[in-house]
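Some notes on the structure that comes next.
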Amino acid sequence: GLIYYKGKYHLFFQHNPFENVWGHMSWGHAVSEDLINWTELPVAIGDDETHAIFSGSAIVDYFNTTGLGTLENPAMVAIYTAHKHDDSHQSQALAYSLDEGLTWVKYEGNPVLDLQLDHFRDPKVMWDTTTESWLMSVVLPKAKKVSFYTSDNLKEWRHLSNFGPAGATDGDWECPDLFPLFIDGDPTIVKWILVISINPGGLTGGSGTQYFIGQWNGKEFIADDLQTRWLDYGRDNYAGVTFSNAPENKKIFLGWMSNWHYAGKAPTDPWRSAMTLPRELSLQGDRIIQTPVIHPNGFPEVSFTTQEGAILICESNERYVEIGVRNQKLYVDTSRAWNDLDAPTLQEIAIEKGEIDIRVIVDRGSVEVFAAGGTVVLTNLVFVETALTSVAPLAGANNLKVA
């Protein structure tokens, strides 16, 4: 659940309040004014004796369509998947808050959408201006389908259409998100983007995120084509969606920086898993551009250009990440900054001929690469004892800048 309200970005995230392994899935809560500096708050929506709180979304009911708030103090409403602890049933449910997300009440009429299925999850809800009603995108994971539903009040839902199977289908579909973007910034040309996470079956093995470009006519999503487009060519960007109600109608995407292939085995303590940097999304032709949202005094950053060359971002002579271009392929090699977890440590992506710009945001346990103006992105976890603190240019690395 990602939402902006009254000057704050709210991140509601999958969380086990008791230990750093999967279990007791609840909604944790953190807030930020700049998307970089976060304050963690108490658990927002906790599991109970029968159900866990799985993924979903959050909106502000400004028009009080639910009757759960008032026009003067509209309710913040969470729409989430209620998952029965014995894995036998998933349905969509509501909770609401009247104090800007600090405390929550589960709606007494739950569930609000129930198909009596064991796999039916991850509702992403938005206000659809084409129909002036609420629109839910939700997945049938095993069928590799996104289902679209409409509602006037968030409580009763009517099925509109399905999309899929299409594109990558070698795993469960999860965490859909449907939203419009302008092509090349032109407000007269709108395309709709449908983002779908898949696990397994991602490009690098395990988890991955694909997207489709098309149109939304108020009832169905019609893809321009069924080509598989990957949002991230790295290993560790999954289940991301965009913030509801972001300022200036920006589409700001945030993902879970891990991979189900090894997420439960990563040797981290006391925490487990982080989020990616938030990225503002735009559309250039038929490719999404991702621009990292960073604070002027935020993360270490390395940038360079090359046609055939590379850099090393190092902790030491033995521990480093290699990033560059060879044989007309952009590559990221984390083999010297990894551990014994089973994971592919080399990614290579064919790129157009010519010099390419490469920007790397470096954190304590990750590198996020934004290349070719943000049209090619790779997000990878790394394992080092201290931090990646120095840069060594190899042949062909030009215009190197370190900040």
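The values are calculated or read from the model by the stated rules, or taken from the named source; none is laboratory data. Just so it is clear, the model here is predicted, and its values are computed rather than measured. Please note: Cβ atoms are built from the backbone with ideal geometry, for glycine as well, and neighbour counts cover all protein chains shown. Remember, those area values only see protein heavy atoms, side chains included, never the ligands or the DNA or RNA. Shrake-Rupley method; radii C 1.70, N 1.55, O 1.52, S 1.80 Å.
Rounded to the nearest whole Å², what accessible area per residue is found for the chain with the 1.4 Å probe?
That works out to 43 Å² per residue.
Setting aside same-chain residues fewer than 8 positions from K124, which lysines have a Cα under 23 Å from its Cα?
Partners within reach: K6, K8, K84, K106, K142, K144, K145, K155, K191, K219, K250, K251.
For the range 214-246, which trypsin sites (Lys or Arg not before Pro) pass both filters: DSSP loop (anything but H, G, I, E, B) and at most 10 other C-beta atoms within 10 Å?
In loop regions of the range 214-246 (DSSP not H, G, I, E or B), there are no sparsely surrounded trypsin sites (Lys or Arg not before Pro).
To the nearest 10 square angstrom, how much accessible area does K142 have with a 1.4 angstrom probe?
Its accessible surface works out to 110 Å², give or take rounding.
In whole Å, what are the extents of the range 311-352 along the principal axes defined by its C-alpha atoms, from largest to smallest?
32, 23, 10
How high is the FRET efficiency between D340 and E132 when r is their beta carbon distance and R₀ equals 51 Å, given to the nearest 0.05?
0.40
Starting from the exponent 0.38 and prefactor 2.2 Å, build the expected Rg for the range 257-391 from its residue count and divide its actual Cα Rg by it.
The reported ratio for this selection is 1.05.
Would you mind pulling out the separation of the Cα centroids of the range 113-127 and the range 333-349, in Å?
35
Got a sec? Which residues in the range 131-147 would a label at V190 touch, if it sits 7 Å along Cα→Cβ and we count backbone N under 13 Å?
Correct set: 131-133.
Find the percent of Cα-Cα distances in the range 105-148 that exceed 15 Å, and round it to a whole number.
Percentage above 15 Å: 53.
Let me know the Kirkwood hydrodynamic radius for the range 33-160, please, with Cα pairs as the basis and the value in Å to one decimal.
Taking the inverse mean of 1/r over all distinct Cα pairs, the range 33-160 comes out at 15.3 Å.
Using every alpha carbon pair in the chain, what percent of pairs falls into each 10 Å bin from 0 up to the bin containing the largest distance?
Going out from 0 Å in 10 Å bins, the chain shows 5, 23, 33, 25, 11, 3, 0 percent.
Grab the beta carbon distance between N399 and Q215, set R0 = 35 Å, and tell me the FRET efficiency rounded to 0.05.
Working from the Cβ atoms, E equals 0.30.
For the range 188-194, what does the Karplus curve 6.51 cos²θ - 1.76 cosθ + 1.60, with θ = phi - 60°, yield as ³J(HN,Hα) per residue in whole Hz, taken in order and with x for Gly and Pro?
For the range 188-194, the Karplus-derived couplings read 8, 10, 10, 10, 9, 10, 10 Hz, x marking Gly and Pro.
Hey, any idea what % of the range 1-95's accessible area is carbon plus sulfur with a 1.4 Å probe?
Solvent-exposed carbon and sulfur of the range 1-95 make up 53 percent of the total.
Dividing the convex hull volume of the alpha carbon atoms of the range 117-222 by its residue count, what do you get in Å³ per residue?
Measuring per residue, one finds 98 Å³ for the Cα hull of the range 117-222.
With a cut-off of at most 15 other beta carbons within 10 Å, and DSSP calling the residue loop, which GluC sites (Glu not before Pro) in the range 219-327 qualify? Please list them.
E220, E308, E318
Normalised radius of gyration for the range 335-403, please: alpha carbon Rg relative to 2.2 N^0.38 Å, two decimal places.
Working it through for the range 335-403, the quotient is 1.20.
Using a 1.4 Å probe over the heavy atoms of the protein chains, calculate the carbon and sulfur portion of the accessible area of the range 243-354 as a whole percent.
That fraction is 46 percent.
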